[in-house]
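Chemist: Structure incoming, see below.
Derivation of every value follows stated rules applied to the coordinates shown; laboratory data play no part. On a predicted model such as this, the values are computed, not experimentally measured, just so you know. Cβ coordinates were reconstructed from backbone atoms using ideal geometry, including for glycine residues, and neighbour counts include every protein chain displayed.
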Amino acid sequence: MNIRKTHCNCRVKQRHSAFKATGKQTFPNSIISYIVVHTTGTKPGMLLTDVDALPYHYLVTKGGRLISLKPVQAKDGTIEIALVGGMDKAGNRVDSRSELQNETLFSTLILLSERYPQAKIVGADKVYVYPYANPGFDLSQWIASYIPAVLNAA
């Protein structure tokens, strides 16, 4: 490992094998094929218990907080992200995303796609068999049309 100065005069540790000439860190030995977006299928106000048992790498709360549940390993093949919610009070499947969840999800997908450029971003129902739409909205269309709040404010 060596240390180099970046354009902002920050000192950054880097590994030679994980750095391209562009200075962006990638993970060449990674076999992450998909970044998969789910919902937890929970009703409003329900508390998630035993989050350590959830099968996701990341959880996005209604308040937009990103919680890392387990580390991503190359052997995983996928990175699983879940949005808390996905049901109404009656138990019907709905798109219940909050604006804060949208912001966090979008930012997280950008960061993960830069880190794993070969990974395809998909909804859970495109990779796994569900009897309902999961995550409950057209993810591809949302990514293509979403404008983050910071750009809307400009």
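Chemist: Please report the equivalent ellipsoid semi-axes of the range 55-94, computed as sqrt(5 x eigenvalue) of the Cα gyration tensor, largest first, in whole Å.
Modeler: They are 25, 12, 6 Å, listed largest first.
Chemist: Evaluate the distance, in nm, between pseudo-label points positioned 7 Å from the Cα of A153 and of S98 along their respective Cα→Cβ axes.
Modeler: Here the answer is 1.8 nm between the modelled labels.
Chemist: Please give every one of the aspartates and glutamates within straight-line cross-link reach of K75, meaning a C-alpha to C-alpha distance under 19 Å, and leave out same-chain neighbours fewer than 8 residues apart.
Modeler: E114
Chemist: What's the local net charge at L54, with K and R +1, D and E -1, over the other residues with C-beta under 13 Å away?
Modeler: The answer is -2.
Chemist: Among the DSSP beta bridges whose two residues both lie in the range 23-152, what percent are antiparallel, rounded to the nearest 5?
Modeler: Antiparallel bridges: around 20 percent, rounded to the nearest 5.
Chemist: Sum up the charges of everything whose Cβ sits under 12 Å from the Cβ of V122, counting Lys and Arg as +1 and Asp and Glu as -1, but leave V122 out.
Modeler: -1
Chemist: Go through 125-137, 78-90 and give me the packing order, highest mean Cβ count within 10 Å leading. Can you show the working numbers first?
Modeler: Working: 125-137: 16.2, 78-90: 20.1.
Per-residue mean Cβ counts within 10 Å order the peptides as 78-90, 125-137.
Chemist: Net charge near H38, counting Lys/Arg +1 and Asp/Glu -1 over other residues with Cβ under 10 Å of its Cβ?
Modeler: -2
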